[in-house]
Amino acid sequence: MTALIEATPGAVRALQLAGDVVVAAHFARADEALPLGLVAPARLIARDGRRATAAIAGVDALVEPAPAEWRQGETRLAQVVREAWSDGVRDKQARVALHDGPARPAPGLIDRLPGARLVPAHGPDLLAAAGWDAVVDEALTGQIDFPGGRLLMSPTPAMLVIDVDGPGDTQALAENAAQAVAAAVRRLGLGGPIVVDFPTLGGRAARAAVDAILAGALPAPFEKTAINGFGLVQIIRPRTRRSLLDEVRRPGFAGLELLRQAMRMIGPVAIEAAPAVIDWLQAHPALLAELARLTGGAVQLTPRAGAGRGHVQPQ
């Protein structure tokens with residue numbers, strides 16, 4: 001397996017590849033307040049039974065269970081063991097736990113993917129050629145095509161629901177879908193509760209065959225139920241950092257993608273995008289300055305309703 005890493009204004013991206021197949025896609029924002037693995041001083045500021053709140057790196061985080069020996073007002077080293085995320089309804093705090101030290105920054109993608117090839121900021125867009133844009137499209141649309149069918153992913157506050165859709169023989173469709181679901185879980189970094197709706201199959205033996213394929217292909221660790229008579233199966237995986245499905249829905253993702261596209265241009269660059277995207281870029285002048293340094297020219301921002309994901313071009 002090989003890996004490509006690309007550092008761009010405001011983010012680092014990586015692809016792990018088996019031949020020309022994307023096995024896993026990674027995205028790390030530079031403005032992540034409490035990245036997974038950070039070890040830093042944390043002060044316990046409130047306690048409610050087994051739950052407590054600690055301030056770490058200027059951000060409130062959850063401590064659960066809260067150790068009895070960590071007294072309110074006391075500062076101790078803690079490690080981020082789960083990043084924060086939003087489920088669309090609630091903002092869930094990062095979670096920290098006491099750590100023996102020493103203090104250290106969170107491991108970056110280069111640390112997590114030793115031996116990866118660093119993609120230069122200029123020249124051909126090797127990351128896009130390897131499949132980055134295609135994986136982003138999957139995450140944005142929630143649609144993944146596989147031989148004979150399609151997966152439709154729908155994030156909800158309670159779980160991720162994946163519907164299997166396709167014509168023809170239901171057994172072949174379900175078996176191919178099981179492989180596609182497992183590959184998507186790994187590729188997009190999906191975690192937490194996942195419910196898959198397979199087509200209704202002919203009997204217990206048919207369901208067991210699909211179950212075996214799914215269990216054999218899913219990345220560990222996981223727990224799962226057996227497929228029931230209605231074609232439903234539940235998968236539970238650890239969720240310690242955001243998936244790519246989460247990342248593409250965060251404010252700023254579209255702007256960061258436009259910066260990635262623009263950085264390979266030479267000279268002045270024009271970026272046109274939806275007003276909310278332009279507002280986000282204007283609120284981050286350091287990123288625009290970094291883009292101008294990479295291109296060697298000024299950056300022009302133009303808001304336009306209906307611009308979709310936006311586009312970049314030389315001025």
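The values are calculated or read from the model by the stated rules, or taken from the named source; none is laboratory data. Keep in mind that this is a model prediction, so the values were computed, not measured. In this analysis, Cβ positions are derived from the backbone assuming ideal geometry, glycine residues included, and neighbour counts consider all displayed protein chains.
Of note:
- Top-ranked residue in the stretch 67-84 [being more than 28 Å from the chain's Cα centre (by Cα) and not acidic (Asp, Glu); ranked as modelled with the lowest pLDDT]: ALA68
- Strands (runs of 3 or more DSSP E) (entirely within the stretch 1-63) containing at least 2 residues that are within 30 Å of ALA128 (Cα to Cα) and small (Gly, Ala, Ser): 2-8, 11-18, 21-29
- Restricting the stretch 107-124 to residues that are within 26 Å of ALA57 (Cβ to Cβ) and in contact with a strand residue (DSSP E or B) (Cβ under 7 Å, 6 or more places away or on another chain), the residue that is surrounded by the most Cβ atoms within 10 Å (Cβ to Cβ): LEU113
- Hits in the stretch 147-186 (condition: closer than 26 Å to SER86 by Cα and of a type in the set (S, T, N, Q)): SER154, THR156
- Looking only at the stretch 144-179, and only at residues there that are of a type in the set (Asp, Glu) and over 21 Å from the mean Cα position of the chain (by Cα), the one that is farthest from ALA217 (Cα to Cα): ASP169
This table checks each residue for (1) among the basic types (Lys, Arg); (2) surrounded by 20 or more Cβ atoms within 10 Å (Cβ to Cβ); (3) without any contact (Cβ under 8 Å) to a residue 12 or more places away in the chain; (4) over 21 Å from LEU190 (Cα atoms).
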position: ASP20; (1), (2), (3), (4): no, no, no, yes
position: ALA25; (1), (2), (3), (4): no, yes, no, no
position: ALA42; (1), (2), (3), (4): no, yes, no, yes
position: ILE45; (1), (2), (3), (4): no, no, no, yes
position: ALA61; (1), (2), (3), (4): no, yes, no, yes
position: GLU64; (1), (2), (3), (4): no, no, no, yes
position: PRO67; (1), (2), (3), (4): no, no, no, yes
position: GLY73; (1), (2), (3), (4): no, no, no, yes
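- Only a single criterion out of (1) within 17 Å of the chain's Cα centre (by Cα); (2) farther than 18 Å from GLU247 by Cβ; (3) in a helix (DSSP H, G or I) is not satisfied by ASP111, namely (1).
- All strands (runs of 3 or more DSSP E) inside the stretch 187-283 with 1 or more residues being more than 23 Å from the chain's Cα centre (by Cα) and on the phi < 0 side of the Ramachandran plot: 232-237, 267-273
- For the residues LEU214, LEU152, LEU188, the requirement of being surrounded by fewer than 17 Cβ atoms within 10 Å (Cβ to Cβ) and either closer than 29 Å to THR240 by Cα or touching a helix residue (DSSP H, G or I) at 6+ places or on another chain (Cβ under 7 Å) (or both) singles out LEU152.
- ALA97 fulfils the conditions (1) among the aliphatic types (A, V, I, L, M); (2) farther than 22 Å from PRO219 by Cβ; (3) part of a loop (DSSP other than H, G, I, E, B) except for a single criterion, (3).
- Test result for VAL210, closer than 30 Å to ALA172 by Cβ, among the β-branched types (Val, Ile, Thr) and in contact (Cβ under 8 Å) with a residue 24 or more places away in the chain: yes
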